[in-house]
């Protein structure tokens with residue numbers, strides 16, 4: 001089992017790679033690598049079923065890009081067939097270029113969608129929250145809670161819809177949605193209030209008291225750094241001759257802001273449960289991910305055409321075996337990291353809260 | 001351990017910005033270390049307020065004005081605020097779904113400890129302990145959304161126990177749970193009190209499960225009124241909100257009052273009851289066997305039997321099969337409910353009770369077989385059309401209520417069904433809401449909300465009334481009021497089908513019981529026969545006498 005940070009690095013490497021190249025060959029290799037990791041992660045995972053159904057919809061949408069592009073972009077010389085010119089929008093020549101370009105876009109999209117699902121299966125909300133720096137912990141927690149509320153809201157929405165139907169309420173227009181939305185909102189608000197109480201009763205928001213002078217200092221420093229960022233951006237935009245001043249001002253202000261955040265974060269004394277252990281596997285996984293990332297970035301800067309692909313100028317994408325083999329390194333974490341979720345035979349089917 | 005001295009508290013009044021009438025008025029009480037304290041009383045009497053004073057949520061979370069002193073384990077919650085009290089007082093709330101921060105059980109248990117910055121080793125030990133104390137070790141990696149209500153509530157208790165509080169406060173922790181899950185939670189609390197000597201302060205409606213373990217009962221009669229405080233027998237003798245067994249003891253002058261069936265047995269021997277006649281006994285059955293309706297069982301059993309021949313069926317179900325997520329929930333149900341009958345559907349969780357009820361209103365359509373309701377085939381009729389003749393009150397009244405006032409809720413149903421605006425006064429009086437026409441439904445108590453939902457559905461005067469678990473979170477008085485209301489509906493010729501776990505309600509008003517077991521009808525018979533033949537689905541009074549003539553307190557008192 002790999003460290004969560006290793007998976008974060010891996011995800012970043014795949015995501016950046018998939019945006020650096022439009023070459024369908026490389027994209028296909030990236031998609032394959034991600035799909036294998038998805039398959040490994042979704043085995044025995046309790047949330048796998050939910051993601052699988054979501055993925056099916058997303059895949060369908062991504063594949064729609066191909067016919068959509070082919071029917072709309074009538075550019076290119078390799079004409080496959082023609083639709084009558086009188087047909088609006090889709091009328092005209094249907095070209096191989098448009099099909100190929102649509103395919104490469106769809107592949108890129110697919111890789112990112114599968115990657116997103118994989119990342120969500122690999123990493124636990126609570127775990128990712130524990131990895132965030134203290135000063136953005138609270139913002140992260142809000143997002144995390146919102147995510148836990150979603151399934152609950154779905155159940156509530158279903159209950160409410162049924163309850164209004166049995167009163168004879170027919171939903172015909174937008175106005176008729178009002179009872180549903182009102183009931184859902186009120187339920188959500190009541191939930192949030194109770195959750196807030198429960199969090200406070202469990203010591204949430206415990207901060208170390210500081211002296212008034214210390215507090216004032218931190219506040220004025222944060223205002224100063226924000227002013228600095230604003231001023232430097234202004235300088236950079238309007239006084240191009242003073243660029244050196246703009247850049248150094250911007251850098252200094254950002255450093256100051258980070259310092260203020262760090263000092264604020266120190267007031268919260270929070271510990272983290274189940275700190276993961278690093279192993280040699282993590283070194284290898286992170287190393288492989290960074291190697292791919294750095295090489296691709298270097299290639300993209302030194303020799304852009306090697307990765308870039310635009311079907312309308314060059315029909316067939318180039319393929320360099322060395323560059324093609326490179327993304328395969330991203331399969332290394334899959335090979336050495338065992339699937340994170342232990343088999344949970346009983347937990348895969350949700351039990352009924354209110355019996356149906 | 002806990003001391004209140006001359007405590008007066010009022011919530012802030014939103015309209016005037018001034019303090020409203022006090023909810024707690026000059027309240028003084030003492031709770032000893034290691035005791036198990038029950039806080040009881042009608043809804044809106046200030047039970048929640050009293051509990052929230054123990055950890056400082058009142059006044060810190062709610063505002064308002066507080067006068068007097070509170071001391072909990074030598075600390076002052078008014079000064080320390082809930083955060084500062086979190087290591088002294090663990091607080092568990094009503095709704096198991098609204099108090100979880102993380103979605104995995106183990107993470108949820110660490111939330112409080114991480115907030116207080118406990119070292120990792122300590123956290124690991126305490127997580128293991130809490131998992132064992134609540135018997136949820138097998139759930140540690142499960143997602144909260146996949147747990148039952150009872151399991152979630154035990155996770156909530158575990159998540160506060162990790163801070164090793166000296167007091168555990170629970171605000172109606174079982175009011176959103178079905179009786180089975182409620183028992184799970186209450187049994188756990190009794191065990192924690194016995195094994196760890198943890199001081200427990202609990203507000204609860206289901207007294208029959210816990211009252212025998214309580215050291216002290218605090219009865220809150222109403223906002224601002226002086227509570228009755230004392231040992232359970234002493235307090236229960238003076239109040240009317242009591243379980244049926246205690247009620248029986250009071251009516252028959254038993255002293256000391258019995259709190260359990262075991263204690264009450266002593267008195268029944270001396271009670272001079274008419275020996276059961278052979279006809280009564282033949283009506284009893286062996287547990288779990290299917291009952292054949294007995295025509296000769298006498299007038300007390302199967303009252304409406306003779307009427308059935310002439311009236312049309314309200315519900316007619318033939319070979320109903322229904323699968324949900326690939327799992328067969330109803331496997332071949334044959335059922336006929338005649339007009340004017342009062343039927344209770346019982347059975348354990350997941351037996352398909354709610355599913356059966358939803359089939360009768362057409363929210364779910366059969367996969368196999370037929371469902372006819374008041375002559376309509378539900379497979380071919382829309383829910384909205386059926387709703388004009390069938391009133392369905394769902395489990396959760398909150399799903400129904402959205403309008404600004406009670407009157408507006410009723411008017412909404414009328415408009416939705418194309419009925420003319422009418423006079424609500426009679427209906428509101430029958431459901432006991434006459435003074436609440438203009439109140440905001442969501443601000444009302446659980447019992448009142450239940451009745452608003454009932455009124456909102458019954459405003460169209462349906463011939464068939466379907467109720468799903470109508471007594472959740474209701475106290476004894478509210479249950480009695482509901483039973484009276486439903487009986488009145490039956491006398492007006494309405495048909496009532498009610499899904500419930502509440503055996504006392506069934507004993508009071510149903511005449512026929514259907515026990516569902518894993519999607520099939522296991523038992524179908526007159527209420528007196530079924531209850532006497534069952535160890536589980538029997539009322540307290542019936543458990544005591546094991547005699548089909550006695551289901552309710554009135555049966556015994558009048559039958560002597």
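Read-outs: derived from the displayed coordinates by stated rules, not from any lab. All of these numbers come straight from a predicted model, not from anything done at the bench. Positions of Cβ are generated from backbone atoms using ideal geometry, with glycine treated the same way; all protein chains shown enter the neighbour counts.
The table below gives the values:
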{"item": "Translational diffusion of chain A, µm² s⁻¹ [Kirkwood Rh, Cα pairs; Stokes-Einstein; 4 °C; 1.567 mPa s]", "result": "51 µm²/s"}
{"item": "Three-way shape label, segment B:148-190, alpha-carbon gyration tensor, a/c 1.5", "result": "prolate"}
{"item": "Under the Debye formula (equal points on every Cα, no solvent term), log10 I(q)/I(0) of segment A:212-267 at q = 0.17 Å⁻¹", "result": "-0.54"}
{"item": "Per-residue [θ]222 nm for chain A (sum of -39500 (n - 2.57) over DSSP H runs n ≥ 4, rounded to 500)", "result": "-22500 deg cm²/dmol"}
{"item": "Overall dimensions of the protein assembly as shown as given by Cα atoms, namely Rg and Dmax in Å", "result": "33.0, 111"}
{"item": "Net length gained if the chain between residue A:219 and residue A:178 were fully extended (0.36 nm per residue, minus Cα distance)", "result": "10.4 nm"}
{"item": "Percent RCO, i.e. relative contact order, over chain B, from Cα pairs under 8 Å lying at least 6 residues apart", "result": "14 percent"}
{"item": "Percent antiparallel among DSSP beta bridges (both partners in segment B:2-241, rounded to 5)", "result": "50 percent"}
{"item": "Protection proxy ranking of A:128-138, B:527-537 - average other beta-carbon atoms within 10 Å, highest first", "result": "B:527-537, A:128-138"}
{"item": "For residues of B:393-404, the mean tally of beta carbons on other chains within 10 Å", "result": "6"}
{"item": "Considering only chain B, percent of DSSP beta bridges that pair antiparallel, nearest 5", "result": "55 percent"}
{"item": "Estimated 222 nm signal from helices in chain B, with DSSP H stretches of n ≥ 4 weighted -39500 (n - 2.57), rounded to 500", "result": "-10000 deg cm²/dmol"}
{"item": "For the protein assembly as shown, share of DSSP beta bridges that run antiparallel, in % to the nearest 5", "result": "55 percent"}
{"item": "On Cα atoms only, tilt of B:406-416 relative to the major axis of chain B in degrees", "result": "40 degrees"}
{"item": "Within 10 Å of each Cβ in A:184-194, the average number of Cβ atoms from other chains", "result": "3"}
{"item": "Debye equation applied to the C-alpha atoms of segment B:2-241, log10 I(q)/I(0) at 0.08 Å⁻¹", "result": "-0.29"}
{"item": "Segment A:105-262, relative contact order in percent, only Cα pairs under 8 angstrom and at least six apart counted", "result": "16 percent"}
{"item": "Relative contact order (percent, whole number), segment B:398-461, Cα cutoff 8 Å, 6+ residue spacing", "result": "47 percent"}
{"item": "Rh (Kirkwood; distinct C-alpha pairs) - chain B, Å", "result": "25.5 Å"}
{"item": "Degrees, to the nearest 10: B:120-133 long Cα axis against longest axis of chain B", "result": "40 degrees"}
{"item": "Proportion of all alpha-carbon pairs of segment A:160-208 beyond 17 Å (%)", "result": "52 percent"}
{"item": "Cβ-based exposure ranking for A:79, B:337, in which fewest neighbours within 10 Å come first", "result": "A:79, B:337"}
{"item": "Residue order, fewest to most surrounding Cβ atoms within 10 angstrom, among A:293, B:109, A:217", "result": "A:217, A:293, B:109"}
{"item": "Viscosity 0.890 mPa s, 25 °C: Kirkwood-radius Stokes-Einstein D of segment B:398-461 over Cα pairs, µm²/s", "result": "216 µm²/s"}
{"item": "Largest-first principal axis extents, alpha carbons of segment A:248-297, Å", "result": "37, 35, 10"}
{"item": "Gap separating the Cα centres of segment B:421-436 and segment B:474-527, nearest whole Å", "result": "23 Å"}
{"item": "Euclidean distance between Cα centres, segment B:135-152 to segment B:328-372, Å", "result": "29 Å"}
{"item": "Tilt relative to chain B, helix B:179-196 - C-alpha long axis, 0 to 90 degrees, to 10", "result": "30 degrees"}
{"item": "Sorted by Cβ density within 10 Å, fewest first, the residues A:7, A:51, A:280", "result": "A:280, A:51, A:7"}
{"item": "Cα gyration tensor shape for segment B:1-120, rounded if a/c is under 1.5, else prolate or oblate", "result": "prolate"}
{"item": "Chain lengthening between residue B:263 and residue B:348 when straightened (0.36 nm per residue, less Cα-Cα)", "result": "27.8 nm"}
{"item": "Exercise: per-residue mean of other protein chain Cβ atoms within 10 Å, B:355-365", "result": "2"}
